[in-house]
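J.: Sharing a structure, written as structure tokens. Questions coming.
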Amino acid sequence: MHFNIKVLTLILILFFSKPIFSQVKIDNNFRSPIGIPITLSGNFGELRSNHFHTGIDIKTNGTINYKVYSIESGYVSRINISHWGYGKAIYIDHPNGYTSVYAHLDHFPEKIEKIIRKEQYNLKTETLTYYLDSLAIKVEDCEVIAYSGNTGGSSGPHLHFEIRETISEHPVNPQLFNFDISDNKSPVIEKLKLYLFDNKDFSPNFKEKYFNLIRKENQFILKYDSVITLNKGFFAFGLKAFDNYDNSNNKCGIYSIEMLVDGQLNHELFFDEIDFETNREINIHKDFKAYQNKREKTHKLFIHPKNDLQIYNRELGNGLLCFKDTLLHKIKILVKDLNNNSSELNFYVQNELPKSCDNYLENSKPFINKFYSLDSQMVITIDSNSLFDNVALEPVIKGDVYTFKNKIIPVKSNFILAIKLNDSQLNNADQLFIGYFKKNGNISNKNGFVSNGFISAELNSFRDYKIFLDNSPPIIKHAINNMQKNNNQELIFTITDSKSGVDVYNVFIDDNWVLSKYSHKNNKLKVQIDKYSNILPGKHRCRIEALDELKNKSFLEFEFLLN
């Protein structure tokens, strides 16, 4: 039958979309998504490079193929197969208004696999996003819906698990649903950070100072002095903290932070729900410079004017502090998890001299949407929403590197980099792209569009960019002896491309397209000889085609014998 959930879902959305200023567990009948004790390597709201983590990462003992269970009855609403991000993922819509998501999977049981294979063969592609109606694949509570894996952007075998509101698709903290996750450890507060502002304008040119801490059980104090002396009027704090779970040494994120000033709640943040639309604004919530320079995960306990995240109790204000007097003011910061473990930091602040808290200065700098290098060979174009702060960008050309005087600037939405091409480059315009070298030495291709003598790309970070020429096709090689196979064995190849990257790959056996699976992690292309590929015993011709992002094409042809 079709699930009629509109009324119930609307009630849930109206209730749970409102800020929850204290821990509220959600009544449900969900079971565990996996058949082993849940041990976490990552949790909800954890600070990542450009996003908050939107689920929990469940350890699978360093291996793949653990059974993954539907947490409740429902139907498969979506299957996504990608080389990046979630890898192989399945979405189950439940009648209570929630959707459960299971990612980085290895494969599906026959009931689901046969349907996704049919769609892959219809579209002649491995990667796809496939939406299904409520009658296509129904599942029961506790039914095996997948097997855990290490696909997509996963750096090791584990199950990424999410719960989302079905209508809004907002991820909700899975720990609000009472899964059995052992946690008797209090959060750890590592460092306090003080930010000093000249005014209320949240100028990016603030001063900052770290304070080391001393711990006694779940109580923390400043290491050298219990009083912070202030010499500026406006100030705010940041906190470097993490949480641990039982049976795990991974540093996970915290659930909530409360800051009390002289006994009154002044600032509060909590990770109950995340909106994908604003998830990238993590870069104005966390201390972006500390993260870029040292990978330090510091929560700023104040709210920037362009911060639209709904993780705060905004009724309390923006967290900016100012005292006119020279009295001692007590600051208490509480850090909590969802298992009623908490830690607290206590200290005092005091002005050296009386201060004025009235020096509000509007940012009067005019907005500029184009910035040029000294020779105008490099142009940056932004709009009013590209950056969080109205700062001047300084493009710099160093040889063949196109960079910026200050690269540690958080980006809210994309900007455009345009680079003037010389005559030689213009002659090869269709083989050019803008990119940068990653830490592992590989090239990250950001593409490029050539017009009016410039190559342009839409970017979301300030880095050392270069113009790359790619006129070489991918290289296809046999990874094993593929000349003789038995049924249910694999043909395995490597496809490498050192410039723009492998984009399209296809395998044909006797001129018929067959499904192949490619991994950018190890450059392996695998063809499973099974009932879906429909290859009979005997001699066969195989042809592999590969294109890179610049459409350079290569082939490998051979014959093999299937016993």
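Every number in this text was worked out from the coordinates using simple rules, so none of it is lab data. Remember, it's a predicted structure, so these values are computed and weren't measured experimentally. Please note: Cβ atoms are built from the backbone with ideal geometry, for glycine as well, and neighbour counts cover all protein chains shown.
J.: Highest mean first, how do 77-86, 250-259 rank when packing is the count of other Cβ atoms within 10 Å averaged over residues? Before the final figure, lay out the partial values.
T.: Details: 77-86: 17.9, 250-259: 21.6.
Ranking the peptides 77-86, 250-259 by packing returns 250-259, 77-86.
J.: In percent, what relative contact order does the range 370-469 have, based on Cα pairs under 8 Å that are 6 or more apart in sequence? Could the numbers behind the result be given before it?
T.: On the way: 193 pairs, mean separation 28.4, N = 100.
In percent, rounded to a whole number, it is 28.
J.: Could you tell me which Cys residues in the chain have no other cysteine's Cβ under 4.7 Å from their own Cβ, answering none if every one has a partner?
T.: Cys142, Cys252, Cys542
J.: Determine, for each peptide in 234-245, 514-525, the mean count of other beta carbons within 10 angstrom over its residues, then list the peptides with the highest first.
T.: Values: 234-245: 22.0, 514-525: 17.4.
Highest to lowest by the protection proxy: 234-245, 514-525.
J.: Could the peptides 27-35, 295-303 be put in order, highest first, of the mean number of other beta-carbon atoms found within 10 Å of their residues? Kindly include the intermediate steps, with their values, before the conclusion.
T.: On the way: 27-35: 15.9, 295-303: 20.6.
Going by the mean number of other Cβ atoms within 10 Å, highest first, we get 295-303, 27-35.
J.: Among Gly399, Ser41, Tyr255, whose Cα projects farthest towards the positive end of the dipole of the chain, with charges put on the beta-carbon of Lys, Arg (+1) and Asp, Glu (-1)?
T.: The listed residue farthest towards the positive side: Gly399.
J.: Can you tell me which aspartates and glutamates have their Cα less than 13 Å from the Cα of Lys485? Leave out same-chain residues fewer than eight positions away.
T.: Answer for Lys485, where 13 Å is the Cα cut-off: Asp530, Glu559, listed by chain and number.
J.: Determine which aspartates and glutamates satisfy two conditions relative to Lys88: a Cα distance under 13 Å, and not lying fewer than 8 residues away in the same chain.
T.: Asp106, Glu113, Glu126
J.: Let me ask another. Please report Rg over Rh for the range 6-177, where both radii come from the alpha carbon positions and Rh follows the Kirkwood definition. Before the final figure, lay out each step's value.
T.: Details: Rg = 15.7 Å, Rh = 16.5 Å.
The Rg/Rh ratio comes out at 0.95.
J.: Using only Cα atoms, tell me the angle between helix 110-123 and the longest principal axis of the chain; keep it within 0 to 90° and round to the nearest 10.
T.: Long axis of 110-123 versus the principal axis of the chain: about 80 degrees.
J.: A further question follows. Quick check: Cα centre of the range 319-359 to Cα centre of the range 58-106, how many Å?
T.: The range 319-359 and the range 58-106 have Cα centres separated by 43 Å.
J.: Follow-up question, since we're still on this one. So what's the angle, to the nearest 10 degrees on a 0 to 90 scale, between helix 6-16 and the longest Cα principal axis of the chain?
T.: The angle comes out near 40 degrees.
J.: Given (i) 165, 72, 41; (ii) 91, 66, 44; (iii) 71, 60, 46 as candidate values of Cα extents along the principal axes in Å, which corresponds to the one derived from the coordinates?
T.: Matching entry in (i) 165, 72, 41; (ii) 91, 66, 44; (iii) 71, 60, 46: (ii).
J.: Okay, next question. For the range 188-351, calculate the relative contact order in percent as a whole number, restricting contacts to Cα pairs under 8 Å that are 6 or more residues apart. Let's see the in-between values first.
T.: Values: 332 pairs, mean separation 46.3, N = 164.
Relative contact order for the range 188-351 comes out at 28 percent.
J.: Using the Cα centre as the reference, give the magnitude of the dipole from point charges on the C-beta atoms of the chain (Lys, Arg: +1; Asp, Glu: -1; all else neutral), rounded to the nearest 20 debye.
T.: Details: 67 positive and 66 negative charges, 253 e Å.
With only Lys, Arg, Asp and Glu charged at Cβ, the dipole is about 1220 debye.
J.: Something else about it: For Lys405, give me every one of the aspartates and glutamates with a C-alpha distance below 13 angstrom, ignoring sequence neighbours fewer than eight places off in its own chain.
T.: Result set, ordered by chain and number: Glu394, Asp464.
J.: Further question: Using Cα-Cα distances under 8 Å and only pairs 6 or more residues apart, what relative contact order does the chain have, in percent?
T.: On the way: 1344 pairs, mean separation 60.8, N = 563.
Computed value for the chain: 11 percent relative contact order.
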